[in-house]
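What follows is calculated from the coordinates using simple rules that are stated; it is not laboratory data. This structure is a prediction, so every number in the text was calculated from the model and none was measured. Positions of Cβ are backbone-derived with ideal geometry, glycine not excepted, and every protein chain shown enters the neighbour counts.
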Amino acid sequence: MEYSNHSHSTDRESRLLDLALATVSIPLLFIIKLPMLIYIAIWALFLFLKKSDELSAIAIFSLFTLGSLAIFISLFGEFNFAGLSRLRLYTELVLYILILAITLQRAVGKINFYLVISPFLLLSLTLFFYDSLTMMAYVVTEVFILIWIILTHRMKSDWYESLGISVRLFAFSIPWVVLLFIFFPRISFEHASYGFRGDGTARVGHDGSMSVDDRTLTILSDKIVMEVWFEKSTPPSSSLYFRGSVLYEKRGRKWLPYNRYIYSSSRSRFANPSLYGKIGSVSVYRVSLYPTHKRWLYLLDLPIEGPRDSYINPDFETINRNLISEPVFYEATSALKYEYGEATSPKRLQKALRLDRRFDRRTIQTGEKIASQSHSAKEKADRIWRFFSDMNLTYSLKPEGVDIDNSSDSFLFDIKKGYCVHFASAFTIMARAAGIPARVVTGYKGDRKNSIDRYLVVRERDAHAWCELYIDGKWLRYDPTATASHIESGSVEVIDRGDGVSGDGAGEEIFSGVYLLYLKYKLERWLLHYSHVRQVYLLEKLRKDPLFALYFLTAIALIFSLSVSIAMRFGRPRCKNRPVCLIERLIKRMEREGIYRERGESVHSLIGRYLSRYPDDENLKEIDRIYHEILYADRDIDPSSLKRRIESFISHMKKRDRG
Amino acid sequence: MNFFRRFIQTRRRIRQKATAFSAMVVIALFALFLEAYMHNFNIVYIVFFFVFALAFSAGPIGISNLSDIEMRFVGCTRVFAGEGGECTVTLHNTGRRTAWALRLYAGEEMVEIAKLPPGVPYTVTLKCRAVSRGRSAFSDCRVESLFPLSTVRFILHMKDRCEYIVYPEPKGISLEAYRSKMATGTSEEGDFEGLIRYDGTQSLSRIYWPSMVMEELQSKRFEYLSKSDKPHFTLSRQEDIEKELSQLTLWIVECEKIGIDFTLEMDGRIMKSDKEGIDGILESLALYR
């Protein structure tokens, strides 16, 4: 092993080591806590300012004390006996101790074995904290940079020279990495759930209740709430209702669920079959749900099977056992055609009829009027729908002036502006007034515009509210937002991305954005979340589908040939003497003719031997003359004439071979 | 095809030895494997595969780094027992690519060659030292390289044996003293002829002390030393043979220094300096049994 043990390292070695440490430390800077960052900054300043290589014991001790203090403050309050069992905290502690050890050793100025391997230790610790495509790309880059640094050290060369070898080495290893990644046997352990999962910001749009007020809708973010991959095909937009929570009671400006607490006696991840009747068009899909810091999982109407650790309650809400504070990936099954509601308890139906007659009187009166004119619940519902359509309502994200206490009256009869929440709330109240049990459902409304192939992306701005009316013993979905006659100009963009009504929008822009997301999703599925299941699926497909196998083998062959060509390209010696390099081509061509240059033989002699076989080759004689003139004449001669002659000679030889 | 055939041939020529860094690689692979396998972490898997693939790919690159190197043991200066000498080895990179991070080992000697460009012969001088006369050799002449990743030591042994001859230690009475003694015994020392540079082999009594004040110390040259008659040395084998060989070596070196021919009689065989050459005669003494 070679390193300057027990001696002060050279500047070059120190610089290379610093570079390696800096490369692997970049992702760590986003993890480590402020006191440690301050300590690192002080250490860096200290190194910058120190004048001599020798460091006093006091200086080392001061750094040690400062570092230890930084570790203590960083983990203060988090570290206890229970904390010891938490892997993330433990890893963080190990990381801080390693940082302290590296900084102290680096301050001493001696490069020992432990300092040499420290970049690799830091790299392996980084892997505990991140799990994203960005990190994957960075890790591959890190590996390349570390190889480059090792080679620069080993070769004692400049960066450019070692770059060529690094690229060669890296290019050679790529096909093996690809093959190993695909075929290395995996076992079906679950994906790890430790570490920082990248973006942990809570997604908004649904929180289990619904506020009906006059505030501008602020859920305008493009932040992705979930990505969905359908096993077969993406259902039509009219079926893309992802059910969140079901709300029964309007209290003030808020709609609340049947139970204040979302817990249910049902603990099954399967919907209770007694609660639904006929079902059809069953769709199986995988969802990547980003952190919401809530417990709802969003399944398409009507959820039939939820993921493990979840349960489906009588309102067909799917509840996760734990808060979703990091991305979760689940598979679910829903029936897109369904009938349900016969088994709804009378208590629940009663609650779905409850009205607070102190408020929204005009809406209630209208509902009662419609009820008196209608014979059946279906007819009542149709009349209410028509009423909404005739009211010339405008979809607006800024429904200013809504009377908070009488929001439905205000929305329907006064300002006539609102968004999904106002539509759903007013429709439900009117339906109840007409004697139809009704409830509000909130969740997300997907749109096929946000879909490619079998991929669908659902964003915060796709948050939506609709209604369910209990008609003839079944709950039927009504989305009253679709009754809007106009869309306010500032709201078009939002509507384009969901919310139940259609508008004109920048379709191509959406498509390109979705396409990138689709690519990212595909990469994540096949790179980050490649597992035993996918491996089995891939091998099965290779076995059963010859065309796929052919594509697959072609892709692998392409990767191999690309790697080899990159390696060859960077392995080619650099031409420093142009005439000599030009004549090399000629010599190689002659070798094909069976005329080999002997060791120490001059170019002139070689050409002479060739000419003895083909004495009339005037071009070659001229090449001989120009070549030696370029090499030995006092004046500068442009080698392009030599190049032209050689090319002409080679093409002449090729023609002769073909002839 | 040619490339692979050549590679396989080269691979046979080059020995590979794992270094301590390869142990580190194995440990790293094991740790990464555990982390990746237990938690199904594909980023860790990728690092794991990269470490494996890089270590694997480093082999052929390391072999091709040494594949075109030709080593030749050129020879040594005169090496006398007890004294040192210098030997020369040339390295020639016959390939098209620069060879990197080479170390030439010859016995205890080690010379580092950071890079060996193609087509340019590189001469390395090695110090040698032997205690006794006869044939000697550098124990193991080889080129080693840790290129590219330090995980494997690639070793290319030299085809030639790095052998050289160690002449007997030149020791004993100087030729001048001996001949002076002989001349005194026969009253034939003759006249003082002039001054020559003092090189340490002459008797102290011959030093021309006034030259002390000059930059160069000189000694007196007597007429008898430039006489045209060739000294004739005989290996009598009467005394300690090693002592006798050392004495003869000293006289031969002195004769060469002052440029006079001589003859040496060894076991009835007479060798002439102008015919066999000094090196030939010294070799006979070195290898005398």
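Here the Gaussian network model covers chain B, with springs between Cα atoms less than 10 Å apart; of B:132, B:219, B:174, B:219 fluctuates the most.
Of all the options B:119, B:95, B:259, the one that moves most in a Gaussian network model of chain B with Cα springs shorter than 10 angstrom is B:259.
Return the FRET efficiency for the residue pair residue A:448, residue A:38: r is the Cβ-Cβ distance, R0 is 51 Å, and the value is rounded to the nearest 0.05. In this case the efficiency is close to 0.50.
Rounded to the nearest 10 degrees, the inclination of helix B:20-39 to the longest alpha-carbon principal axis of chain B is 10 degrees. Across chain B, Cα pairs under 8 Å and at least six residues apart give a relative contact order of 15 percent. Looking at the stretch A:550-635, the GluC sites (Glu not before Pro) that sit in a DSSP loop and have at most 14 other Cβ atoms within 10 Å of their own Cβ are A:593, A:598, A:601.
Against chain A, whose longest principal axis is taken from its Cα atoms, helix A:133-155 shows a tilt of about 20°. Normalised by residue count, chain A yields a Cα convex hull volume of 277 Å³ per residue. With the cut-off at under 14 Å, measuring from each backbone N in the stretch A:90-122 to a point 7 Å along the Cα-to-Cβ line of residue A:78 picks out A:90-97. Give the average over all directions of the projected area of the C-alpha convex hull of the stretch A:5-156, one decimal, in nm². Mean shadow area of the hull around the Cα atoms is 9.7 nm². Per-residue mean of foreign Cβ neighbours for A:172-185 is 5 (Cβ atoms of other chains, 10 Å radius).
Here the stretch A:315-473 is assigned +1 on the Cβ of each Lys and Arg and -1 on the Cβ of each Asp and Glu. Its dipole about the Cα centre then comes out at about 260 debye. On the beta carbon distance between residue B:110 and residue A:400, with R0 = 60 Å, the FRET formula returns roughly 0.10. Dividing the summed helix terms, -39500 (n - 2.57) for each DSSP H run of n ≥ 4, by the number of residues in the protein assembly as shown produces a 222 nm estimate of -14000 deg cm²/dmol to the nearest 500.
Between residue A:565 and residue A:414, the C-beta separation translates, for a Förster distance of 51 Å, into a calculated FRET efficiency of about 0.10. Annotation for the stretch A:605-646: trypsin sites (Lys or Arg not before Pro) lying in DSSP loop with at most 12 further Cβ atoms inside 10 Å of their Cβ are A:635.
Note on residue A:572 and residue A:556: the model spin-label points, each 7 Å out from Cα along the C-beta direction, lie 3.0 nm apart.
Give the relative contact order (percent, whole number) for the stretch A:82-186; include only Cα pairs under 8 Å separated by 6+ residues.
Numbers: 28 pairs, mean separation 17.5, N = 105.
For the stretch A:82-186, the relative contact order is 17 percent.
Spin-label pair residue A:184-residue A:62: with each label point 7 Å from Cα along the Cα-Cβ axis, the two points sit 4.6 nm from one another. Charging the Cβ of each Asp and Glu at -1 and of each Lys and Arg at +1, and nothing else, the dipole of the protein assembly as shown about its Cα centre rounds to 3420 debye. Looking only at the stretch A:640-659, which residues have a backbone nitrogen under 16 Å from a spot 7 Å from the Cα of residue A:622 in the C-beta direction? Answer for this model: A:640-653. By other beta-carbon atoms within 10 Å, ranking B:143, A:514 with the fewest at the front produces A:514, B:143.
Any of A:294/A:449; B:171/B:275; A:520/A:541; B:127/B:243; A:223/A:378; A:250/A:380 with alpha carbons more than 29 Å apart? Name them for me. Pairs exceeding 29 Å: A:223/A:378.
Per residue of peptide B:18-27, the mean number of Cβ atoms on other chains within 10 Å of the residue Cβ is 2. Isolated cysteines of chain B, defined as having no other cysteine beta carbon under 4.7 Å away, are B:128, B:255. For chain B, modelled as a GNM whose springs connect Cα atoms under 10 angstrom apart, the maximal fluctuation among B:160, B:240, B:261 occurs at B:240.
Here the residues A:397, A:37, A:476, ranked from fewest to most Cβ neighbours within 10 Å of their Cβ, fall in the order A:37, A:476, A:397.
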